Amino acid sequence: MALQVFTAVTGAAWESELVGALDRDDHGVTVVRRCVDVGDLLAAATTGTGQAVLLSADLRRLDGAAVARLTAAGVAVVGLVEPGDTRATERLRQWGVGRVLSADADAETIARALREAVTGERSAGHQIGDPRAALPVLGLPPEESDRPVGRGRVVAVWGPTGAPGRTTVAVGIADEAARLGVSTLLVDADVYGGVVAQVLGLLDESPGVVAAVRQASAGTLDLAALARLAWAVGPQLRVLTGLARADRWPELRPQGVEVVLEQARRLAALTVVDCGFALEEDEELSFDTAAPRRNGATLTVLAAADEVLCVSGADPVALQRTVRALGELRDVLPDVEPAVVVNQVRRGPVPGDPQQEVAAALERFAGRQVRAFLPADRRATDAALAGGRTLGEVAPGSPLRAGLRALAAELAGVPASTGRRGRRRA
């Protein structure tokens with residue numbers, strides 16, 4: 001049975017000849033619709049009449065979100081670019097197109113790529129490898145030019161509602177890792193109320209993560225672009241600030257967030273992401289429409305992270321919220337195994353030894369052991385917040401800072417005793 005294919009190849013003189021060649025019976029491909037733009041293509045994809053699409057990189061309004069919607073509709077995507085157009089090839093790769101061919105390829109080669117895209121088979125001649133390998137490394141700021149580029153780790157800092165201290169933990173881990181000599185990127189991806197910029201005394205009007213996701217969706221985000229968008233607040237620490245207003249959450253498209261994280265792995269050895277708390281998936285939006293989902297960015301970060309830290313408070317109410325949140329995470333992302341970090345540990349909210357009581361409660365009701373206990377130090381955190389500085393700057397001897405330092409060293413895989421004290425530069 002012939003493979004049913006859409007085409008969306010515009011602005012090229014060879015489009016008619018290509019469609020005619022693909023329609024020949026000996027290729028096993030039948031063109032069921034020739035789409036003129038992205039809207040026409042997405043509408044055709046929802047009909048279920050096509051199994052694959054052959055599209056050109058210059059298709060009007062094509063972006064990563066459109067490719068993601070095609071994939072979600074069960075339509076395999078093969079890209080065509082003008083011969084020698086490497087920029088268009090890189091752009092399609094960033095958008096998630098798994099196979100990209102030159103437009104001068106013969107019809108049999110293109111038909112074979114379409115069949116392989118549908119069946120999921122890998123072909124050495126047509127397989128697109130790791131997209132990161134094709135992205136340019138040139139254009140970095142001078143201080144980054146000598147830094148080796150590799151695959152860094154992503155740590156997601158997440159937790160239930162109720163202010164258990166997610167941002168405090170995320171900022172503390174990032175700052176301490178940087179002080180330990182680890183190149184670090186701190187990303188504010190909280191779609192409900194990200195305040196990393198305010199905590200560090202940065203301007204919240206800076207473009208930050210929204211601009212990075214926008215460039216990722218347009219296929220123009222590379223290593224140099226991400227480095228320009230992130231604030232350099234120290235020799236080893238960069239910050240990608242979050243949403244200036246919570247109502248701008250639709251701009252954090254999951255597909256764009258995923259590309260940002262891939263570039264972050266190249267920019268820094270450790271990327272720490274401050275996430276939102278909510279995990280609910282709206283079934284109507286998930287299955288009936290292609291509308292953006294507010295928690296899509298959080299779910300994308302948690303699924304892509306190498307390690308997920310669930311930050312919990314140490315009082316009975318916070319522990320109950322944590323138990324429920326861990327259950328929700330297990331239902332939504334069963335493959336994610338979070339590590340629990342209990343913050344604000346102090347005597348009073350629970351009887352007896354707080355660490356023993358909290359550990360026993362989480363083991364009993366959530367089946368989780370505690371990765372780290374962080375003591376409450378209100379005086380130090382108030383001083384840091386008032387000055388827009390980190391604990392390492394305002395309270396180097398704080399027990400909370402010591403706990404964050406030990407956790408950062410463990411996550412970064414470096415000794416905790418090799419850090420250097422120093423001031424952040426503006």
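Tabulated data for the structure shown
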quantity: Hz values of 3J(HN,Hα) by residue in region 50-58 - Karplus curve (6.51, -1.76, 1.60), Gly and Pro given as x; calculated: x, 9, 8, 9, 10, 10, 9, 5, 8
quantity: Gain in span if fully extended, Ala303 to Arg330, counting 0.36 nm per residue against the direct Cα distance; calculated: 8.6 nm
quantity: Intensity falloff of region 142-418 expressed as log10 I(q)/I(0), Debye formula with alpha-carbon point scatterers, at q = 0.17 Å⁻¹; calculated: -1.42
quantity: Shape category assigned to region 45-127 from the gyration tensor of Cα positions, a/c cut at 1.5; calculated: oblate
quantity: Paramagnetic reach from Thr10 in region 32-52 [backbone N under 17 Å; point 7 Å along Cα→Cβ]; calculated: 33-45
quantity: Dimensions in Å of region 160-273 - Rg and Dmax from alpha carbons; calculated: 13.1, 37
quantity: Extension gain (nm, one decimal) between Asp104 and Thr161, 0.36 nm per residue minus Cα-Cα; calculated: 15.1 nm
quantity: Extension gain, Thr47 back to Ala386 (0.36 nm per residue minus Cα-Cα distance, nm); calculated: 116.4 nm
quantity: Under 12 Å, Cβ to Cβ, from Val78 - net charge with Lys/Arg +1 and Asp/Glu -1; calculated: +2
quantity: Electrostatic dipole magnitude of region 291-410 [Cβ: Lys, Arg +1; Asp, Glu -1; Cα centre; debye, to 20]; calculated: 360 debye
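We did not get these values from a lab; they are worked out from the coordinates using the rules stated. Being a predicted model, the structure only gives us computed values, none of them experimental. Note that each Cβ is placed from the backbone with ideal geometry, even for glycine, and that neighbours are counted across all protein chains shown.
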